[in-house]
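The values are calculated or read from the model by the stated rules, or taken from the named source; none is laboratory data. Here the structure is a predicted model, which means the values were calculated and not measured. Using ideal geometry, Cβ is built from the backbone for each residue, glycine included, and neighbour counts are taken over all protein chains shown.
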Amino acid sequence: MNEAMIRVRGLTKRYQRGGETLTVLDGLELEMQEGGFYALMGPSGSGKTTLLNLIGGLDQADDGELFVAGENLAELDNAGLAHWRAASVGFVFQGFNLIPVLSAFENVELPLKLTPLSRAERRQHAEFALELVGLKERMHHRPKQLSGGQEQRVAIARAIATDPKLILADEPTGDLDRKSADQVLELLGRLNAEFKKTILMVTHDPHAAEAAKSVVHLDKGQLKGIEEKRR
């Protein structure tokens, strides 16, 4: 882990709320290494999800530099950002964001349809991802036929199906019971340890943060410190 997967320099993000300007990230300086597993913590309003959205190319900063997986995101237009996201980033959200009318397999295959893979190759990738999360035998089930923990594991399979360099997870255990949460955290740890995926996970749960190797603390849009949990 000697290369920076994420490099943030003077990152600032503001929003307009009524007639007021709200500064969510205020000149943030941060570096996260390739192959790391980072938990991003801080009080409500500290800028955690905003930072995650900027790193994932879902939003754009007002000032500063942001390099992710070798790309200067400020230099990419909308089409370039979409292509970069499809190739480089997998997203996991608290609410799973699965399409209810599609099977687990079809949900996982969906992002692969944006790639040049053939139908047979897409099937191979989707089945492998579902096998990795332990749900290949339930690939034809729709989300409503799955438990919350299984839904989140399908969402993780969807995130890794394109073999991204970076996985961004926003409160991935927030809607799960402890047993299901622990299964999801164990899976994320395995993706990091065995498959060398860089993971950045927003969480408010100290138990979830224990699964990470490093904890990044934000407050009022600025870095307050990085705590190394284990190596």
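Considering (1) among the basic types (Lys, Arg); (2) surrounded by fewer than 20 Cβ atoms within 10 Å (Cβ to Cβ); (3) under 25 Å from Val154 (Cα atoms), say which one Arg85 fails and leave the rest.
Single failed check for Arg85: (2).
Filtering region 8-19 down to residues that are modelled with pLDDT of 90 or more and farther than 12 Å from Leu51 by Cα, which residue is surrounded by the fewest Cβ atoms within 10 Å (Cβ to Cβ)?
Once the filter is applied, the top-ranked residue is Tyr15.
Step by step: first the residues of region 20-45, then only those that are among the hydroxyl-bearing types (Ser, Thr, Tyr) and surrounded by fewer than 20 Cβ atoms within 10 Å (Cβ to Cβ), then the one that is nearest to Leu200 (Cα to Cα). Which residue is that?
Ser44
When the residues of region 150-166 are narrowed to those that are among the β-branched types (Val, Ile, Thr) and surrounded by fewer than 24 Cβ atoms within 10 Å (Cβ to Cβ), which ends up nearest to Met201 (Cα to Cα)?
Ile160
Would you confirm whether any residue within region 52-62 is modelled with pLDDT of 95 or more, farther than 24 Å from Asn107 by Cα and not charged (D, E, K, R)?
yes
Please verify whether Ala79 is of a type in the set (A, V, I, L, M) and exposed (fewer than 13 other Cβ atoms within 10 Å of the Cβ), treating the condition exactly as stated. Step through it out loud before you land on a result.
On the way: of a type in the set (A, V, I, L, M): yes; exposed (fewer than 13 other Cβ atoms within 10 Å of the Cβ): yes.
Yes.
Every residue, every condition in (1) without any contact (Cβ under 8 Å) to a residue 24 or more places away in the chain; (2) out of contact with any helix residue (DSSP H, G or I) (no Cβ under 6 Å at 6 or more places or on another chain); (3) of a type in the set (A, V, I, L, M, F, W, C), yes or no:
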{"position": "Ala126", "(1), (2), (3)": "no, no, yes"}
{"position": "Glu131", "(1), (2), (3)": "yes, yes, no"}
{"position": "Lys136", "(1), (2), (3)": "yes, no, no"}
{"position": "Val154", "(1), (2), (3)": "no, no, yes"}
{"position": "Pro164", "(1), (2), (3)": "no, no, no"}
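Yes/no per residue for (1) surrounded by fewer than 13 Cβ atoms within 10 Å (Cβ to Cβ); (2) over 21 Å from Glu131 (Cα atoms):
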position	(1), (2)
Ala169	no, no
Lys179	yes, no
Val184	no, no
Leu187	no, no
Thr203	no, yes
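Would you check which residues across region 103-122 are assigned to a helix (DSSP H, G or I), free of Cβ contacts under 8 Å to residues at least 24 places away in the same chain and not small (Gly, Ala, Ser) and list them? Explain how you work it out, then say what you get.
First pass over region 103-122, keeping only residues assigned to a helix (DSSP H, G or I): 104-114, 119-122.
From what's left, free of Cβ contacts under 8 Å to residues at least 24 places away in the same chain: 106, 113, 119-122.
The answer is Glu106, Lys113, Arg119, Glu121, Arg122.
Got a sec? Which of Leu102, Leu117 is surrounded by fewer than 18 Cβ atoms within 10 Å (Cβ to Cβ) and modelled with pLDDT of 95 or more?
Selected residue: Leu102, the only one of Leu102, Leu117 that is surrounded by fewer than 18 Cβ atoms within 10 Å (Cβ to Cβ) and modelled with pLDDT of 95 or more.
With region 123-231 as the region, which helices (runs of 4 or more DSSP H) entirely inside it contain at least 2 residues that are of a type in the set (A, V, I, L, M) and in contact with a Lys or Arg (Cβ under 8 Å, 6 or more places away or on another chain)?
Hits in region 123-231: 178-195.
Search region 208-231 for residues being over 22 Å from Gly45 (Cβ atoms) and surrounded by fewer than 14 Cβ atoms within 10 Å (Cβ to Cβ), and hand back the single one that is modelled with the lowest pLDDT.
Residue satisfying both the conditions and the ranking: Arg231.
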